[in-house]
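*Asks:* Supplied in structure tokens, the structure appears directly below.
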Amino acid sequence: MIKIDKKAMKESIADTMLGLAINFPTVYITLSLCLLFTDDPFVITVIQTFVITVLAIIRRYATRMWFKGKHGD
């Protein structure tokens, strides 16, 4: 029988849903801004990857600190 860590699962789900809520509008905004200056798919991909990666690191750190404080780990 597989034992599931409920705290870790709750944190994973919360982080994923938060990521969706942040990433969807971020991608739309960055794509819209990039299309004002370039139509090169490589440049747009690099810019979007950079922006999403930075936001993901910040979001993941904040989520981890939230759950760490909440559960007293």
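*Asks:* Condition check: in a helix (DSSP H, G or I), under 16 Å from the mean Cα position of the chain (by Cα) and at negative phi. Does ILE44 satisfy that? Talk me through it step by step, then tell me what you get.
*Replies:* Numbers: in a helix (DSSP H, G or I): yes; under 16 Å from the mean Cα position of the chain (by Cα): no; at negative phi: yes.
No, not satisfied.
*Asks:* When the residues of segment 1-41 are filtered to those that are of a type in the set (A, V, I, L, M, F, W, C) and outside any helix (DSSP H, G or I), which remaining residue is least open to solvent (accessible area, probe 1.4 Å)? Before you say what the answer is, go through the steps one by one.
*Replies:* Restricting attention to segment 1-41, the residues satisfying the condition of being of a type in the set (A, V, I, L, M, F, W, C) are 1-2, 4, 8-9, 13-14, 17-18, 20-22, 24, 27, 29, 31, 33-37.
In the following step, the residues that additionally are outside any helix (DSSP H, G or I) were identified as 1-2, 4.
Working: MET1: 231, ILE2: 147, ILE4: 104 Å².
Across segment 1-41, the extreme among qualifying residues is ILE4.
*Asks:* To continue, here is another question. Would you check if ALA62 is in a helix (DSSP H, G or I), open to solvent by less than 100 Å² (accessible area, probe 1.4 Å) and modelled with pLDDT under 95?
*Replies:* Details: in a helix (DSSP H, G or I): yes; open to solvent by less than 100 Å² (accessible area, probe 1.4 Å): yes; modelled with pLDDT under 95: yes.
Here the answer is yes, as ALA62 does meet what is asked.
The values are calculated or read from the model by the stated rules, or taken from the named source; none is laboratory data. This is a predicted model, so every value here is computed, not measured. What goes into the accessible areas is simple: the full protein's heavy atoms, side chains included, and nothing from ligands, DNA or RNA. Shrake-Rupley method; radii C 1.70, N 1.55, O 1.52, S 1.80 Å.
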